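Below: the structure, in structure tokens.
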């Protein structure tokens with residue numbers, strides 16, 4: 001049900017670096033270095049400990065990934081200079097906008113309309129990914145085809161007015177039964193399109209497999225499964241506007257100074273802005289918003305969760321192949337809101353989840369400090385057994401957010417065992 005026909009060949013692979021100095025022949029003028037790009041892709045090679053990674057992340061740069069003591073970031077020349085002045089070693093590996101254009105198979109379309117974007121499709125070769133309209137159609141089709149075990153509703157609308165559907169899957173979906181409620185959320189950061197495919201795969205598996213797959217049937221009969229495939233529909237549509245990747249992360253809600261966007265995953269009210277794990281600068285990629293829950297999408301999810309009894313949750317992101325658990329706002333294991341026994345339970349389940357999908361398990365702050373994120377809020381406010389999955393690939397720069405659509409099936413089915421472990425331990 002969820003496989004689209006490929007209509008164009010895969011676009012040429014994106015360049016992995018920018019040639020700064022070209023070769024020259026005897027007698028020719030010595031070439032000059034290429035100008036520093038407005039948005040440069042850099043590798044920070046000396047961010048081996050969590051304190052260093054947190055310092056880089058809190059500087060307002062766009063962190064693409066962190067692995068094995070290195071960080072891939074997008075930074076302006078001023079941001080790069082500031083980090084170097086603080087002693088960090090940065091290597092320029094590419095022009096971010098040029099690489100986006102090459103990955104999209106055409107010229108950059110940065111600067112597309114700030115609102116009202118309606119994307120026709122993904123760039124040529126990546127049509128296997130679902131646009132917002134296609135996602136909605138798939139969820140509606142699942143609800144129609146499996147009416148006996150589904151109930152389609154909404155957590156609310158985005159800033160630009162797009163509906164954010166939630167599908168309930170259970171044997172008596174029209175009734176709230178005394179069964180553990182489990183929530184799966186996807187695509188909070190706009191460019192992380194593989195995560196929408198992850199939620200669509202969960203929907204497909206637990207609807208199409210009901211009555212024939214004993215494992216699926218058992219969970220549907222004993223759990224109430226809720227799936228929200230896209231928590232940032234405005235951002236995801238903007239990210240593919242004009243058939244070109246924009247590298248966009250935040251939502252599309254305007255700020256008072258004319259800039260656009262709040263990082264939804266820094267806007268939740270638990271420990272919002274507490275601990276250096278988000279930015280107060282509107283231009284920063286991890287801008288936390290002017291106040292907690294100021295992002296329209298966060299306020300909608302907050303109200304919806306408040307009316308439920310969610311027991312377990314996974315929020316899917318890309319990339320780095322990690323299983324992360326609370327807390328992100330502190331390095332401490334035992335702290336306000338977390339006993340040693342509770343932490344041990346998170347570590348035990350998280351390790352088992354990672355064993356199932358081959359990811360690396362860790363406390364969220366082991367990557368770098370974050371505050372105002374959904375997992376800290378889910379546990380800190382509602383005591384939900386909550387995890388963040390950073391999906392495929394394990395590393396990379398811009399290509400980490402835009403893996404070819406051939407990866408959709410292997411990288412979503414890869415999480416079947418982990419999803420089952422969470423369902424088993426819910427409640």
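Observations, loosely collected:
- Of everything in the range 357-368 that is more than 17 Å from the chain's Cα centre (by Cα) and assigned to a helix (DSSP H, G or I), the residue that is modelled with the lowest pLDDT is 366.
- Matching residues in the range 326-353 - criterion: being touching a helix residue (DSSP H, G or I) at 6+ places or on another chain (Cβ under 8 Å), over 14 Å from residue 378 (Cα atoms) and buried (at least 16 other Cβ atoms within 10 Å of the Cβ): 330, 333, 349, 352, 353
- Residue list for the range 204-240, restricted to those being part of a helix (DSSP H, G or I), more than 15 Å from residue 181 (Cα to Cα) and touching a residue at least 24 places away in the same chain (Cβ under 8 Å): 204, 205, 207, 208, 215, 233, 234, 235, 236, 237, 238, 239
- Cross-chain or 6+ apart pairs with Cβ under 6 Å, the range 334-346 first and within 17 Å of residue 366 (Cα to Cα), then surrounded by 17 or more Cβ atoms within 10 Å (Cβ to Cβ): 346/325
- Residue 201 modelled with pLDDT of 95 or more, assigned to a loop (DSSP other than H, G, I, E, B) and crowded, with 19+ Cβ neighbours inside 10 Å: no
- Of the residues making up the range 84-109, those that are in contact with a helix residue (DSSP H, G or I) (Cβ under 8 Å, 6 or more places away or on another chain) and either touching a residue at least 40 places away in the same chain (Cβ under 8 Å) or assigned to a strand (DSSP E or B) (or both) number 13.
- Residue within the range 273-293 that is part of a helix (DSSP H, G or I) and crowded, with 20+ Cβ neighbours inside 10 Å present: no
- Just one residue in the set 416, 420, 376 is touching a residue at least 24 places away in the same chain (Cβ under 8 Å) and under 16 Å from the mean Cα position of the chain (by Cα); that residue is 376.
- For the range 339-356, the criterion of being assigned to a strand (DSSP E or B) and modelled with pLDDT of 95 or more is satisfied by no residue at all.
- Filtering the range 156-197 to residues that are crowded, with 23+ Cβ neighbours inside 10 Å, touching a helix residue (DSSP H, G or I) at 6+ places or on another chain (Cβ under 6 Å) and within 19 Å of residue 294 (Cα to Cα) leaves 158, 187, 188, 190.
The values are calculated or read from the model by the stated rules, or taken from the named source; none is laboratory data. Computed from a predicted model, the values in this text were never measured in an experiment. So basically every Cβ, Gly included, is an ideal-geometry build from the backbone, and we count neighbours across all protein chains shown.
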